[in-house]
Structures are given as structure tokens and as C-alpha cells.
1. For residue 57, list long-range residues whose amide hydrogen, built 1.01 Å from N in the peptide plane, is under 5 Å from its own amide hydrogen.
2. Using each residue's phi in segment 67-80, evaluate 6.51 cos²θ - 1.76 cosθ + 1.60 at θ = phi - 60° and report the 3J(HN,Hα) Karplus result to the nearest Hz, with x for Gly and Pro.
3. Of the DSSP beta bridges with both residues in the chain, give the percent that are antiparallel, rounding to the nearest 5.
4. Using amide H atoms built 1.01 Å from N in the peptide plane, name the residues 5+ places from residue 138, or on other chains, whose amide H lies under 5 Å from its own.
5. Please find the FRET efficiency linking residue 119 to residue 27, where r is the Cβ-Cβ separation and R0 is fixed at 41 Å, and quote it to the nearest 0.05.
6. I'd like the Karplus ³J(HN,Hα) series for segment 40-52: coefficients 6.51, -1.76, 1.60, θ = phi - 60°, whole numbers in Hz, and an x wherever there's a Gly or Pro.
7. Each label point is 7 Å from the Cα along the Cα-to-Cβ direction; what then is the distance between the points at residue 98 and residue 77, in nm?
Amino acid sequence: MCKPDSSYVLKLMLWNCQSLCSELKVNYCKSMRTDIIALQEVWSPPLEMLSQFSQQLAVTRQVSRGGDTLISLESDYLRAVRRIAVNQDMQLVKVIAHSERYIWFKPIYLPRGSRKEVQALFQKIQEILHPIEIKNLLMIGDWNIDMF
């Protein structure tokens with residue numbers, strides 16, 4: 001593995017896939033050729049679908065519809081070194097790139113998108129992460145918030 005220069009690109013795919021129970025959706029995700037795939041509302045996908053992702057870090061529960069998130073690290077230079085459960089649908093994932101740089105990923109799925117729900121999420125993150133680490137946090141996903 002060669003040492004990266006000071007500016008390399010990290011390619012992300014983000015999608016609320018509303019179930020990951022079809023080969024077509026898995027193939028679509030894989031065809032994007034990204035470093036990280038972040039999916040929301042994967043709806044307790046079958047193991048044969050999950051197994052097609054490289055380093056898949058899924059949060060699933062036994063509910064037939066709604067919820068659940070998945071992060072898949074698709075590049076060899078990425079490695080998850082820590083996972084922290086935030087709630088039944090989400091986790092914080094610390095990812096090391098090129099064995100020297102890290103970033104925290106927080107896949108978001110907020111079904112109601114209420115102000116109270118968002119405030120509770122930020123409070124929980126502040127309880128978990130040190131302020132210095134929060135600057136390396138990327139929160140991506142389905143907020144279900146009407147901004148206007």
C-alpha cells in the first residue's frame with residue numbers, strides 16, 4: 001500500500017433504498033464504484049444480500065418494514081476500528097484510511113424528523129464523542145426534515 005498524499009478523494013454513495021431485498025438494488029449499489037456505501041431503511045435484508053458487500057457494518061432489527069442502516073467499506077485502504085451503538089437503527093463507526101487518518105461516520109435514519117428527535121441525537125453524540133473527535137464526524141443519511 002502506498003502512502004497517500006495530503007489530499008485524496010473519498011467517494012460516498014448515500015441512498016434510502018426502502019428495502020435491500022433485491023439483487024437489482026445490490027447490483028446498483030456495487031456498480032457505483034464508491035469507497036463507502038451508506039444505506040438507510042434497508043428493512044432487515046436477507047443475509048445473502050448483506051454478504052455481497054465488502055466490509056459491511058449493518059444495524060438491523062427483526063422488523064419487516066422500515067428502519068435499519070448499512071455502511072459498507074468498499075476500498076481496501078479503509079478499515080472500521082470502532083463501532084458504537086446509538087439506538088436501534090444507528091451506530092457511530094470510526095474508519096481509518098491508509099492506516100493514518102480517521103473519520104467517524106454516522107448513518108442517519110430519523111423516521112419522524114422531529115426537532116426533539118434531532119436534538120436527542122446530537123445530545124447522544126456529544127455524550128459519546130470527545131469534542132476533538134466531533135470535528136471528524138460525517139453525519140449522512142435520511143433526516144426526514146423539512147428545511148423550509
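Only the coordinates and a few stated rules stand behind these numbers; no lab work does. Quick caveat, the model's predicted, so the values are computed rather than measured. Reconstructed Cβ throughout: ideal geometry from the backbone, glycine too, with neighbour counts over all protein chains shown.
1. Amide H to amide H, under 5 Å and 5 or more residues apart or across chains, residue 57 pairs with 71, 72, 73.
2. x, 6, 9, 9, 10, 10, 8, 9, 10, 5, 7, 9, 8, 6
3. Restricted to the chain, the bridges split so that about 65 percent are antiparallel.
4. When sequence neighbours closer than 5 places are left aside, the close amide H contacts are 104, 105, 106.
5. 0.60
6. Karplus values, whole Hz, x for Gly and Pro: 10, 6, 7, 6, 6, x, x, 4, 5, 6, 4, 5, 7.
7. Those two pseudo-labels are separated by 0.5 nm.
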